[in-house]
Each structure stands twice: as structure tokens, then as C-alpha cells.
Amino acid sequence: MRVLTNPFFLLISIALAHFVNDWYSLLIAPAIPLIKKSYGINYLQSGMLLSVPYFLSAILQAPIAHFSENYAKRKTVLIGGFLILSLSYLLFYLSNSYYSALFATILIGIGLGTYHPQGMGILSSVFKEKKGMAIGLNGVGGALGYFFAPISMGYLLSLYGTKAFLIVSIPGFVIAVILFIFVKIEEQPIKTSFKSTITKDLLMLGLVAIVIPFFSRGISSFLPAYFYANGSNILDANLKASVMLLAGLIAQPLGGAISDKIGRKQTISISYFMMGVFLALFISKPSLIFLFFMGFFMSLSIPVRHAFAAEVGGKKVNSNIAVVFGMVMVGSSIAPSIVGALADHFGFKVAFGFNVAIAIAGSLLVWAIKKPHKQA
């Protein structure tokens with residue numbers, strides 16, 4: 001792949017797309033208290049509105065990435081994904097029942113299946129020696145998206161109710177135009193088989209990476225509902241929940257740079273262990289300080305997994321990342337339903353506490369991955 005624009009401007013464009021993509025991925029969660037009341041559903045059914053798009057995104061990551069590399073269509077796939085996301089949220093707004101809303105989430109899943117392999121793959125190819133740093137800086141866009149999702153959606157919901165979904169359908173069209181104008185790359189098809197991408201260590205990394213969704217999706221999906229159930233109004237509940245996501249602004253670029261220096265496994269292990277510690281502290285005393293530091297250590301490892309994936313798989317960097325991120329999205333697809341079911345039966349403390357053991361286990365499991373023999 002040859003870059004026809006300044007790498008700095010390419011990074012800015014991809015990071016802006018990351019912001020919008022990750023912002024879109026969390027826009028339903030802030031509305032769960034209103035949707036639950038409107039449709040008369042429980043937390044398990046509410047979690048399905050989040051699980052369906054994550055599951056579809058999980059199974060589509062690798063096929064979409066394989067197609068984009070085989071036919072040199074990375075940019076086309078990126079643009080198409082954002083157009084689909086805009087359309088899907090417009091349909092979600094037009095839904096008049098739980099099942100029609102559930103159908104709209106299918107399109108959301110398709111749209112969410114496009115960005116990460118293509119965006120991270122482009123950056124890994126351009127910033128070969130400093131991919132951790134580049135992906136970490138790009139992660140600021142995603143962190144901002146996660147942070148502003150509950151704040152912006154909480155604000156829009158407080159003013160317009162579920163009409164907020166009509167408003168949020170607009171940015172996807174805007175980012176599609178920006179990518180079309182400003183991302184200039186010359187691609188060459190990569191015709192290796194998809195099977196060559198799959199390695200034992202890549203699959204092990206994907207298994208380790210599943211830890212993060214139980215925090216970033218399982219917990220953040222129900223934090224607004226947790227605060228709402230404990231007396232906060234819909235806007236305040238989402239503002240408090242955003243504290244966990246704010247930390248990513250600092251942690252992602254720091255985590256990527258640290259992993260370039262001390263190693264991918266070391267960085268992931270430290271981050272997993274510490275986020276488990278701060279989650280346990282938050283459960284025992286629901287302090288926003290503990291929530292912030294839990295979010296910090298959660299976000300620290302996010303860019304590291306992408307850089308690590310580019311190194312431990314086959315020649316197709318996009319497909320390597322897609323395999324790992326697809327497994328991440330599997331975790332994302334089941335986490336809201338699992339946490340929702342636990343919350344229904346045992347309460348939020350048990351539902352959140354389930355993740356402490358997962359974090360500690362992940363911090364140990366990462367050491368089973370062998371040091372990569374090549375750099376992508």
C-alpha cells in the first residue's frame with residue numbers, strides 16, 4: 001500500500017473516523033432506561049439490543065477484511081460502513097416496536113464490522129516501526145467517541161427523548177464524505193488465503209482480548225442504568241458513566257507507546273490486573289475516582305492488542321486485526337446479555353463483580369502467547 005497523502009493527515013482522518021465509529025457503538029446504551037420503559041422489556045432483552053450488533057460485527061470482521069485486502073478496497077469498505085451506520089440509526093429512530101428496533105441493530109452490526117480492521121490495518125502498514133504509538137494516538141479518537149457517547153446522547157435524550165436517534169444518524173454521512181476526500185491511498189491486492197492468517201498465537205491473543213469487552217461493553221452498557229437505579233436522573237447517570245470512558249484519552253496513546261518500549265505482553269498483563277483491582281474497589285465503594293482508574297487501565301491495553309495482532313498472524317495485517325477484533329466483538333456481543341441477566345437475578349454488584357475474576361485470568365493467560373518472530 002502506498003500513501004498519497006501526508007501520514008500525519010492520514011492519521012488525523014483515521015482517528016476522526018475512529019471517534020465517530022466508537023461513538024456510534026455506544027449510543028443505544030444511554031437510552032436503555034427509556035427504551036426499557038417504552039417497550040416494557042427487562043434488562044436481558046435490553047442487553048439484546050446491544051448484543052445483536054456486537055455479535056454481527058464479530059462474525060463479519062474477518063470476511064470484510066479478507067475481501068478488502070483481496071480486492072484492494074480498504075477505503076471503499078471504510079466509507080460504506082459509515083453510510084450503513086447512518087442508515088441504521090435512522091431506522092432505529094423509525095422503529096415502533098422492540099422487534100423492529102432489534103432488526104435495526106442488525107444493520108448497526110454490519111456498519112460496526114468495517115472500521116477497525118481497515119483503519120488499524122492502514123496505520124500498521126504506514127507506521128511500521130511505531131505502530132503501537134500510531135494506533136495509540138488513533139485510540140484517542142475512539143476514547144473521545146466512547147467518552148462523548150453517554151454525555152451527548154444523555155443530553156439529547158433529556159431534550160428530545162428517543163428522537164435523539166434521528167439526530168445521531170447525521171455524522172456517519174459527514175465522515176463518509178471526509179474519508180472520500182482526504183484519505184488518498186494506492187492499494188494492491190493481497191491474494192494469500194485466509195487460512196494462512198490463522199495462527200495459534202493469534203487465536204490466543206483473541207481469547208485474551210475478550211477480557212476487555214466485559215468491561216467496555218458489559219459494564220459501561222449498564223452503568224447508566226446502575227446510577228439511574230440509585231437515584232440519578234437520565235442525564236446525571238450518563239455523565240457519571242462517562243467517567244470510566246474519559247480515562248481512555250490519556251491511557252490509549254500512553255499504552256501504545258509503553259508497549260513499544262517494554263513489550264505487548266507486559267503492558268496487557270499489567271493493565272488487566274490493575275483494572276480488576278480498581279473494579280473491586282468500585283464495587284466495595286462506588287467512587288468515581290475508582291471508576292476513572294478502572295477505565296484508565298482498561299483503555300491502556302486497547303491499542304496494544306491491535307499492534308500485537310499485526311505481529312503474530314499472517315501477511316494480511318487487516319485480517320490479523322480482524323480475527324482478534326472479531327473475537328473481541330464476540331465478547332462484546334455476549335457481555336451485555338450476561339451482565340444484564342446477572343443484574344436481573346443478583347443485582348448490579350454481582351453482575352459487575354463477575355468481571356474481576358475475568359481480568360485476573362486474562363492478566364495470566366497473556367503470557368501463553370509466544371513472542372512474535374516478525375514485525376508486520
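The values are calculated or read from the model by the stated rules, or taken from the named source; none is laboratory data. Not measured: the values here are computed from a predicted model. Because the Cβ atoms are built from the backbone with ideal geometry, glycine has one as well, and the counts that use them run over all protein chains shown. Keep in mind that these areas ignore ligands, DNA and RNA; they rest on the heavy atoms of the full protein, side chains included. Shrake-Rupley method; radii C 1.70, N 1.55, O 1.52, S 1.80 Å.
Couple of notes before you dig in:
- Put simply, the Cα atoms of the stretch 198-375 extend 53, 29, 26 Å along their principal axes, the longest span coming first.
- J(HN,Hα) series, the stretch 269-276, from Karplus relation 6.51 cos²θ - 1.76 cosθ + 1.60, nearest Hz, glycine and proline x: 4, 4, 5, 5, 4, 6, 5, x
- Unsatisfied cross-links (Cα-Cα over 22 Å) in the set Lys130/Lys200; Lys73/Lys130; Lys131/Lys265; Lys200/Lys261; Lys130/Lys261: Lys130/Lys200; Lys73/Lys130; Lys200/Lys261
- Stretched out straight at 0.36 nm per residue, the stretch from Tyr160 to Lys37 would grow longer than its current Cα-Cα span by 42.7 nm.
- Under the simplified labelling scheme, the Thr192-Val174 pair shows an inter-label distance of 3.9 nm, with each label point 7 Å from Cα along Cα→Cβ.
- Residue of Ile338, Ile32, Ile181 that the Gaussian network model of the chain assigns the largest fluctuation, springs spanning Cα pairs under 10 Å: Ile181
- The portion of the accessible surface of the chain made up by carbon and sulfur, rounded to a whole percent, is 71 (1.4 Å probe; DNA, RNA and ligands excluded).
- Signed unit charges on C-beta, dipole axis of the stretch 1-186, positive-most listed residue Ala65, Phe92, Ile122: Ile122
- Each Lys or Arg adds one and each Asp or Glu subtracts one; over the other residues with Cβ under 15 Å from the Cβ of Phe290, this totals +3.
- With contacts taken as Cα pairs under 8 Å at a separation of at least 6 residues, the chain carries a relative contact order of 28 percent.
- A cut-off of 5 Å between modelled amide H atoms, ignoring neighbours fewer than 5 places along the same chain, links Ile185 with Leu4.
- The order of the peptides 13-24, 359-370, 318-329 by mean Cβ neighbours within 10 Å, most packed first, is 318-329, 13-24, 359-370.
- Comparing Ile190, Ile268, Ile84 in a Gaussian network model of the chain (Cα springs below 10 Å), the most mobile by mean-square fluctuation is Ile190.
- Of the residues Pro213, Met244, Ile289, the one whose Cα sits farthest towards the positive end of the charge dipole of the chain is Pro213 (charges of +1 on Lys and Arg Cβ, -1 on Asp and Glu Cβ, taken about the Cα centre).
- Summed over the residues of the chain and divided among them, the accessible surface reaches 38 Å² per residue at a probe radius of 1.4 Å.
- Take every Cα pair under 8 Å whose residues are at least 6 apart in sequence, average their separation, divide by the length of the stretch 90-191, and the relative contact order is 29 percent.
- Phi angles across the stretch 333-343 convert, under the Karplus curve 6.51 cos²θ - 1.76 cosθ + 1.60 with θ = phi - 60°, into 3J(HN,Hα) values of 6, 9, 4, x, 5, 5, 5, x, 5, 5, 5 Hz, Gly and Pro given as x.
- Calculated [θ] (222 nm, deg cm²/dmol) that DSSP helices of n ≥ 4 give over the chain, each run adding -39,500 (n - 2.57): -25500 deg cm²/dmol
- Taking 0.36 nm per residue of separation and subtracting the Cα-Cα distance, full extension of the segment from Asn230 to Ala72 would add 51.8 nm.
- Across the stretch 112-121, rounded Karplus estimates of 3J(HN,Hα) from the backbone phi angles (6.51 cos²θ - 1.76 cosθ + 1.60, θ = phi - 60°) give 6, x, 9, 5, 4, x, 6, x, 5, x Hz, Gly and Pro being marked x.
- Put simply, the amide H of Asn233, placed in the peptide plane, has no neighbours under 5 Å, leaving out anything fewer than 5 places away on its chain.
- In terms of Cα atoms, the Rg and Dmax of the chain work out to 19.1, 56 Å.
- Local electrostatic count at Ala322 - Lys and Arg +1, Asp and Glu -1, tallied over other residues with Cβ under 10 Å: 0
- Unit charges on C-beta of K, R, D, E only; dipole of the chain, Debye: 740
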